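The next block holds one structure in the form of structure tokens; read it before the comments.
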Amino acid sequence: EPEVTQTPSHQVTQMGQEVILRCVPISNHLYFYWYRQILGQKVEFLVSFYNNEISEKSEIFDDQFSVERPDGSNFTLKIRSTKLEDSAMYFCASAGQFGEKLFFGSGTQLSVL
Amino acid sequence: QQQVKQSPQSLIVQKGGIPIINCAYENTAFDYFPWYQQFPGKGPALLIAIRPDVSEKKEGRFTISFNKSAKQFSLHIMDSQPGDSATYFCAATILDNYGQNFVFGPGTRLSVLP
């Protein structure tokens, strides 16, 4: 079964540093998302991406966040200057033509020290 | 308006019991209501979903009941097994809005005792 792949599985960084979280969505999918989850709690929406542009973003997704789909296969989330409160599990998800079924990756656990 | 409420926060049942998880929403524009199951260290996985034109949907041991007038929907797990122990999230979205975000409830941690 096709799956969404995320790398790295764990990322430790110092406060103020830039991090890039990488995702390879399912190949024929059209809709791409980043969510985050703090300590196994609520799954929070960050951003959705369709047709090479951001469709929607949440209040969490401020100017320090950006997304890219540089080569038609990878989908990245960049955090420019990490803060302690950015520590969370970040999930990438993708959905196919009708957008109804989200497939999630296994996540990247980001720890900001 | 965009919030989805979910209860209970945690639930413990004996094997064979029927746990019920409830969700409520405010935004009447929502037209797709999935349930996701998450095991520790894994991403959420779609379990079952319903659209508001039906009041019930059943897939195997999992059933969604939907009450459009009350803006509520619930997940029932028949003959629950220890392997069903996981966190369950309800969600809602407007499916026809391309790239519309899925709004998740806060989750219910289910433990099924052997």
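Some notes on this structure:
- Single match in B:Gly83, B:Gly41, B:Gly60, B:Gly17 (criterion: more than 13 Å from the chain's Cα centre (by Cα) and closer than 21 Å to A:Ser94 by Cβ): B:Gly41
- Being open to solvent by less than 50 Å² (accessible area, probe 1.4 Å) and in contact with a strand residue (DSSP E or B) (Cβ under 9 Å, 6 or more places away or on another chain) is true of B:Leu75.
- Selection count where residues are open to solvent by 50 Å² or more (accessible area, probe 1.4 Å), at pLDDT 95 or above and in a loop (DSSP other than H, G, I, E, B), scope the range A:10-35: 4
- Among the residues of the range A:81-111, those identified as over 22 Å from A:Ser55 (Cβ atoms) and open to solvent by 10 Å² or more (accessible area, probe 1.4 Å) are A:Ser81, A:Lys83, A:Leu84, A:Glu85, A:Ser87, A:Met89, A:Ser106, A:Gln109, A:Ser111.
- Residues of the range A:95-111 that turn out to be within 14 Å of the chain's Cα centre (by Cα), among the hydroxyl-bearing types (Ser, Thr, Tyr) and more than 10 Å from every other protein chain (Cβ to nearest Cβ), as a count: 1
The values are calculated or read from the model by the stated rules, or taken from the named source; none is laboratory data. All figures in this text were calculated on a predicted structure; none of them were measured in a lab. Glycine gets a Cβ as well: all are built from the backbone with ideal geometry, and neighbour counts include every protein chain shown. Note: areas computed on protein heavy atoms with side chains; ligands, DNA, RNA excluded. Shrake-Rupley method; radii C 1.70, N 1.55, O 1.52, S 1.80 Å.
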